[in-house]
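**Q** I'd like to ask you about the structure that follows.
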Amino acid sequence: MKRQIIILGLVIFVSRVSSLAAQTKEADRLSAAATAFQEIMDTPDSSIPTDLLERCECVAIIPSMKKGGFILGGRYGKGVVSCRQDEGKGAWGPPAMIALGGGSFGLQIGVAAVDVVMLVMQRDGIDSLLRNKFTIGGDASAAAGPVGRAGTAETDAYMKAKILSYSRSRGVFAGLELKGAVVQQDRDGNQNLYGKTVGAKDLLISGQEPVPNDAKPLIAVLAKYSPARNRKPS
């Protein structure tokens, strides 16, 4: 009997340790995403144009993970996406965990670390992800986004694209072609972050969950550069 109690105690202990480790992993991902976005926006002459941020519906960030967690042959990474609430007019809502893989990363293949940022310009650009996944350039039209204060967002390519994509490697920030890359839900990541099973739709559309504490720095930096549309920037 005593042996069974000890074994049960060990099982519970290991389970709790594993759960805490998973939560820490997602917290690190959120922190890396917030840092990457802040660093990109800290250089206005080569950052994402603010008018695009004001118009976009969702922002996805795939940060460079430590110990090779982001790059696997240049074609795989895990990140996070947040969408505006109140039918695309309100504040940034609770984030959903995502994974990005496959396709062509253009000139980025072979580099040691890449931060990827995607602006979802039209709400239906995220619809396929709500079901499970979508292919950039297939299910959702995409274009390499313009950069800097002089970047124009009025060309046909930018106006029609559902997603504008960017990359940063070794301090260089530029538009990125991501044709063929697949974006899908990271259900395990959501489970770890929220402590229960929660779907991307509940997070990105209805915003039924509160923003976790670990995600608040990321939401704050998004709001800093792109506040809710139903109020004037402070």
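**Q** Could you list, in sequence order, the residues of the stretch 154-202 that are at pLDDT 90 or above and in a loop (DSSP other than H, G, I, E, B)?
**A** Across the stretch 154-202, the qualifying residues are ASP186, GLY195, LYS196, THR197, VAL198.
**Q** I've got another one for you. Pairs needed: first member in the stretch 96-121, part of a strand (DSSP E or B) and surrounded by 15 or more Cβ atoms within 10 Å (Cβ to Cβ); second member anywhere, of a type outside the set (D, E, K, R) and modelled with pLDDT under 55; C-beta distance under 9 Å; at least 6 residues apart or different chains.
**A** Partner pairs satisfying both residue conditions: GLY101/LEU72; ASP115/PHE70; VAL116/PHE70; VAL116/PHE105; VAL116/GLN108.
**Q** Continuing with this model, one more query. Considering each residue of the stretch 163-187, count those that are within 15 Å of the chain's Cα centre (by Cα) and either closer than 13 Å to ILE98 by Cα or surrounded by fewer than 21 Cβ atoms within 10 Å (Cβ to Cβ) (or both), and give that number.
**A** Number of matching residues: 7.
**Q** State yes or no: is SER234 surrounded by fewer than 17 Cβ atoms within 10 Å (Cβ to Cβ), polar (S, T, N, Q), over 16 Å from CYS58 (Cα atoms) and at pLDDT below 90?
**A** yes
**Q** Which one is surrounded by the fewest Cβ atoms within 10 Å (Cβ to Cβ), of the residues in the stretch 122-146 that are outside any helix (DSSP H, G or I) and either of a type in the set (Phe, Trp, Tyr) or in contact (Cβ under 8 Å) with a residue 60 or more places away in the chain (or both)?
**A** GLN122
**Q** Kindly list the number of the only condition in (1) at pLDDT 90 or above; (2) closer than 23 Å to VAL172 by Cα; (3) not basic (Lys, Arg) that fails for TRP92.
**A** (2)
**Q** Residues of the stretch 203-232 being of a type in the set (D, E, K, R) and either out of contact with any Leu (no Cβ under 8 Å at 6 or more places or on another chain) or not in a loop (DSSP other than H, G, I, E, B) (or both), which ones?
**A** ASP214, LYS216, LYS224, ARG229, ARG231, LYS232, listed by residue number.
**Q** With the structure loaded, tell me whether ARG75 is in contact with a helix residue (DSSP H, G or I) (Cβ under 8 Å, 6 or more places away or on another chain), among the basic types (Lys, Arg) and modelled with pLDDT under 70 or whether it fails that test.
**A** So ARG75 does not fit the description; no.
**Q** When only residues in the stretch 32-62 that are among the β-branched types (Val, Ile, Thr) and in a helix (DSSP H, G or I) count, which is modelled with the lowest pLDDT?
**A** Checked the stretch 32-62; the qualifying residue modelled with the lowest pLDDT is THR50.
**Q** Oh, and also: If you check every pair at least six apart or on different chains, which have Cβ atoms under 8 Å apart with a residue in the stretch 43-66 that is farther than 28 Å from ASP186 by Cα first and a residue that is at pLDDT 90 or above and not polar (S, T, N, Q) second?
**A** That search, which allows pairs on different chains as well, returns THR50/TYR225.
**Q** Another question, then. So how many residues does the stretch 206-224 have that are in contact with a strand residue (DSSP E or B) (Cβ under 9 Å, 6 or more places away or on another chain) and surrounded by 18 or more Cβ atoms within 10 Å (Cβ to Cβ)?
**A** Number satisfying all stated conditions: 6.
The values are calculated or read from the model by the stated rules, or taken from the named source; none is laboratory data. Nothing here was measured: the structure is a model prediction, and the numbers come from that model. As a convention, Cβ positions derive from the backbone with ideal geometry for all residues, glycine included, and neighbour counts pool all protein chains shown.
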